[in-house]
Amino acid sequence: MTATENRPPKYKYVGTRPVRHDGLDKVTGKARFAADLDLTGQLRGVMVRSPHAHARIVSIDTSAAEAMPGVKAVTTGADFPTIDPADPAHDEAINNIARDEVLYDGHTVAAVAATTLAEARAAAAAVKVEYEVLPAVLSIEESIADGAPIANSTNRTLFTGDTEPSNIASIGPFQRGDVEAGFAAADVIVERTFTTKAVHQGYIEPHACVADVGQDGKATIWASSQGHFAVRSKTAKILGWGTDKIKVTPAEIGGGFGGKTTIYLEPIAVMLSQKAARPVKIVMTREEVLRATGPAPASKIHIKMGATNDGELTTIQGTLHYSNGSAKGYAALTGAMSIASYRFPNLDLMAVGTVDNTPKSAAYRAPSAPQAAFAIETLVDEIADQLGVDPIDLRLRNAVVEGDPTAMGAPHPKIGFIETLEAIKNSEHYNSPVPEGAGRGFGTGFWFNIGEQSSATVNLNEDGTATVITGSPDIGGSRASMALMAAEELGLDVHRITPIVADTESVGFTDITEGSRATFATGMAVVNACRELIEQMKERAAVMRGVAADQVAWIDGAAVIEGPPSEGADPVSIAEITGAAKMTGGPLTATASLNAAGAGPSFAAHLADVRVDEETGQVEILRYTAAQDAGTAIHPSYVEGQMQGGSAQGIGWALNEEYIFSGDGEMENASFLDYRMPVASDLPMIEAIIVEVPNPSHPYGVRGVGETGIVPPIGTLANAIAHAAGVRMTDLPMSPPTVLKAINNK
Amino acid sequence: MAIVHLQANHATFTDGVRQLEVDGATVGAVIDELAKRFDGLGPLLREGSSVAINGELQPKGTIYAAVTGDAEVHFLAPISGG
């Protein structure tokens, strides 16, 4: 449902719910994912992975593997160029294939290509690697301990000028106001430490690619990714090639959620294909996905918060530690910056990113924000409890509005946090009684959203249909969104428009689909291309009717002649214009590219009713409602889907999911049997309320909706558990043993 | 001149200065001016920061974005997404 039906009535297509253009292929199994592709003569590639969390590679002997049946190529890190550790591409390069040092259990050290998968696996097992095992650092606490072993010898703390290896990836304070004065003015002070474990995005489709290096030395790659232009540039960098030597075709993607903004396979597949002069396919197993791709960071967050008796949140102070895994990153800084929902006139936060010997972390929907929101929303809720005020009213009292500062001081643009809070407050769920024996929890979340570079080409076909070509992989229904915006602009039925995602040589450069940017930024490119096409069509219609171009208006999908001598003549339809294109100047096509500023931040508010089994600690979710500001919902069903998907993933993060490492750093639950993600039977229907406060920087008001939905669930459920069982949970996951322990200790 | 706002981590290079007036017609020119004034700050602003002009988040790496005389420029930690 949509809470704020404030959409102008001129929108004929935007805001409707047509069947998605790619839906039939997806539900019939016809859609082709990277693992579905098989080329003539294709080999199968298999990685050789480190069994140690931290070790020096003494030697690699591939001779036995090379002699095995069916083996056509073997590669090691020695085949790849050395990249300076100060180069931003360095960490991803060595994460693809280790050079001298392995940094986590599962790190790739070599790879083989053979005629069959079985032969490749056998050969991989025959590669002999001699390791000098080094001390492993496996947690934030171990990473920052005095005298801790260095987890990654190439890491230097970012932008400090430090030249010595360090386990600190980045460090950054955020400050405003006078924290001591703020606490002195506070009547209520709450303070807790929260811990979260690494969790995986859990996309259904494992990473996969096929690479084929031709006799001309050019590589063609078919890959599952969130951005095939980035696959091209990253692969080129890691190989030391020019981008003109690589073409990447996007396969359908079976989920990414941030985890496919980076690459793990493509440079190796290209190297093997070049060596073997045959196409090479590499498909990760689920175990490889969990052991060797990037999870969301573990965190340890200490926050102290103060408020006055009348409910003003005066002060926040704390330290946020985030593990970046085996390489540097900005996880902690982003986490601190995501504390942007409440005004807090006095703020003092220290963000510390650490490095250890766990897999290099990767983005996961609103990266770093869920961990911080767990802490913030728990403490705000605790203050509401102590003051005896309604938890939504307390948030309304302190909620940011346009012009209020974020954690880093920049003012918020136009935002819809108040409207989102009110959507839940006015919901049937919030105004219904809490079920007997249950507890109700409320929480909120924020995410920035980003713009970046996008391109689109719109072609009009001779029968008046259109093709919309973009470079944004469709990971959340963007084909339908692009078609809807084109339909609205052109006045053309949405199913007379074919949206496609083109390869790196068939459409202009487009950045990764991340940061909830595709419908916002690529959508603007589509709109701009359509507006250019409309100008072209007006000129063609003027030629056809023998009038000046400025006498032609574009109204409801047709050229309308205004003024004599043809005023009142029948409008000229798109099909008439395209049908006559040969006689009026040739085909009609337009391309637009942009680097979009003005992404609209998004807020979400969630409400949950839970029942806690006090004998087992199991948490049952009885009812769950999510509200989120979409700006404008281009296709409301997909907005709701994003909200529901984010909620489901956040619920899994809250209640069950965690990486479990042995004392040696081996991941002990690298399967979906042991890494417990929620399934349909774990969840109630998630009720979605779309709030629409349009982003003034987008022609239709789009904010982007893919990420914010994962931010509130952890705090929401922690608050619900507190009200159901009387225990404040501070450690994730809130799984039965953890909850039971808290109940028994109260 | 534009009013530039720096984060606390930037202030380690500026002797604690968090807000200052800087002349520059583009983000790049503002960064160049700041780099001249404060040793070590340039790489952090160029490679490790996002930028908002009058509250509007700019695309990553933007150096040619126009900065008007009365603009408020915030240098932020890098923002991306998932």
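The values are calculated or read from the model by the stated rules, or taken from the named source; none is laboratory data. Fair warning: this is a prediction, and the values are worked out from it, not measured in the lab. All Cβ positions, even for glycine, are placed from backbone atoms using ideal geometry, and neighbour counts span all protein chains on display. Accessible surface is based on the protein model in full, side chains and every heavy atom, while ligands, DNA and RNA are left aside. Shrake-Rupley method; radii C 1.70, N 1.55, O 1.52, S 1.80 Å.
Screening the candidates A:ALA569, A:ALA553, A:ALA599 for the property of being of a type outside the set (Asp, Glu), touching a strand residue (DSSP E or B) at 6+ places or on another chain (Cβ under 6 Å) and surrounded by 19 or more Cβ atoms within 10 Å (Cβ to Cβ) yields one hit, A:ALA599. Within region A:662-687, residues that are in contact (Cβ under 8 Å) with a residue 24 or more places away in the chain reach partners that are open to solvent by 80 Å² or more (accessible area, probe 1.4 Å) with beta carbons closer than 6 Å, at six or more positions or on different chains, in the pairs A:ALA670/A:GLU287. The residues in region A:324-339 that are open to solvent by less than 10 Å² (accessible area, probe 1.4 Å) and in contact with an Asp or Glu (Cβ under 9 Å, 6 or more places away or on another chain) can be counted, and the count is 4.
Matching residues to (1) surrounded by fewer than 16 Cβ atoms within 10 Å (Cβ to Cβ); (2) modelled with pLDDT of 90 or more:
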residue	(1), (2)
B:ASP23	yes, yes
B:VAL27	no, yes
B:SER49	no, no
B:GLU56	no, no
B:LYS60	no, no
B:GLY69	yes, no
B:GLU72	no, yes
B:SER80	no, no
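For region B:34-43, the criterion of being at the interface with chain A (Cβ under 9 Å from one of its Cβ atoms) and touching a Pro at 6+ places or on another chain (Cβ under 7 Å) is met by none of the residues. Return the residues of region A:158-171 that are more than 11 Å from chain B (Cβ to nearest Cβ) and buried (at least 17 other Cβ atoms within 10 Å of the Cβ); say none if nothing qualifies. Passing the criteria: A:SER166, A:ASN167, A:ILE168, A:ALA169.
Within region B:58-71, residues that are away from chain A (no Cβ under 12 Å) and among the β-branched types (Val, Ile, Thr) sit with their Cβ atoms under 9 Å from residues that are part of a loop (DSSP other than H, G, I, E, B) and open to solvent by 30 Å² or more (accessible area, probe 1.4 Å), at 6+ positions apart or across chains, in these pairs: B:VAL67/B:ALA25; B:THR68/B:ALA25; B:THR68/B:ASN54.
Counting only helices (runs of 4 or more DSSP H) wholly contained in region A:1-109, the ones carrying 2 or more residues that are in contact (Cβ under 8 Å) with a residue 12 or more places away in the chain and closer than 30 Å to A:SER170 by Cβ occupy A:90-96. Within region A:396-450, the set of residues being hydrophobic (A, V, I, L, M, F, W, C) and away from chain B (no Cβ under 14 Å) comprises A:LEU396, A:ALA399, A:PHE417, A:ILE418, A:LEU421, A:ALA423, A:ILE424, A:VAL434, A:ALA438, A:PHE442. Of the strands (runs of 3 or more DSSP E) lying entirely inside region A:534-608, the ones with 3 or more residues being polar (S, T, N, Q) are found at A:588-596.
Let's see how each residue does on (1) assigned to a loop (DSSP other than H, G, I, E, B); (2) charged (D, E, K, R):
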residue: A:ARG676; (1), (2): yes, yes
residue: A:PRO684; (1), (2): yes, no
residue: A:ILE689; (1), (2): no, no
residue: A:TYR700; (1), (2): yes, no
residue: A:ARG703; (1), (2): yes, yes
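Number of residues in region A:602-624 that are surrounded by fewer than 24 Cβ atoms within 10 Å (Cβ to Cβ) and on the phi < 0 side of the Ramachandran plot: the value is 11. A Cβ distance below 8 Å, combined with a sequence gap of six or more or placement on separate chains, defines the contacts here; from region A:215-237, residues that are among the hydroxyl-bearing types (Ser, Thr, Tyr) reach residues that are in a helix (DSSP H, G or I) and at pLDDT 95 or above in the pairs A:SER224/A:ALA34; A:SER224/A:ALA35; A:SER225/A:VAL231; A:SER233/A:THR243; A:THR235/A:GLU266; A:THR235/A:PRO267; A:THR235/A:VAL270. When each of A:GLY704, A:GLY715, A:GLY652 is tested for being modelled with pLDDT under 95 and surrounded by 20 or more Cβ atoms within 10 Å (Cβ to Cβ), the lone residue that passes is A:GLY704. Checked against the criterion of being among the charged types (D, E, K, R), more than 10 Å from chain B (Cβ to nearest Cβ) and closer than 27 Å to A:ALA53 by Cβ, the candidates A:ASP385, A:ASP390, A:ASP356 yield just one match: A:ASP356. The residue list A:PHE446, A:PHE520, A:PHE509 contains one member that is farther than 18 Å from A:GLN226 by Cβ and aromatic (Phe, Trp, Tyr), which is A:PHE446.
For B:ILE31, the conditions (1) at the interface with chain A (Cβ under 10 Å from one of its Cβ atoms); (2) open to solvent by less than 20 Å² (accessible area, probe 1.4 Å); (3) farther than 23 Å from A:ASN449 by Cβ all hold with the exception of (1).
Contact annotation: residue pairs with Cβ atoms under 7 Å, 6 or more positions apart or on different chains, pairing a residue in region A:143-158 that is among the charged types (D, E, K, R) with a partner that is surrounded by fewer than 18 Cβ atoms within 10 Å (Cβ to Cβ) and assigned to a loop (DSSP other than H, G, I, E, B), are A:ARG156/A:ASP162; A:ARG156/A:THR163; A:ARG156/A:PRO165.
Read through the list (1) over 14 Å from A:PHE80 (Cβ atoms); (2) surrounded by 24 or more Cβ atoms within 10 Å (Cβ to Cβ); (3) modelled with pLDDT of 95 or more, then give the number of the only condition that A:SER224 fails. A:SER224 satisfies all of (1) over 14 Å from A:PHE80 (Cβ atoms); (2) surrounded by 24 or more Cβ atoms within 10 Å (Cβ to Cβ); (3) modelled with pLDDT of 95 or more except (3).
Only one of these is open to solvent by 20 Å² or more (accessible area, probe 1.4 Å) and assigned to a loop (DSSP other than H, G, I, E, B): A:ASN459, A:ASN431. Name it.
Residue meeting the stated conditions: A:ASN431.
Just one of the listed residues (A:ALA399, A:ALA407, A:ALA369, A:ALA362) is over 18 Å from A:LEU717 (Cα atoms), open to solvent by less than 10 Å² (accessible area, probe 1.4 Å) and at pLDDT 95 or above, namely A:ALA399.
Quick test for you: out of A:ARG176, A:ARG232, pick the one residue that is over 27 Å from the mean Cα position of the chain (by Cα) and either closer than 25 Å to A:VAL46 by Cβ or not polar (S, T, N, Q) (or both). Even if it seems obvious, please write down each step before you answer.
On the way: A:ARG232 fails: over 27 Å from the mean Cα position of the chain (by Cα).
Answer to the selection: A:ARG176.
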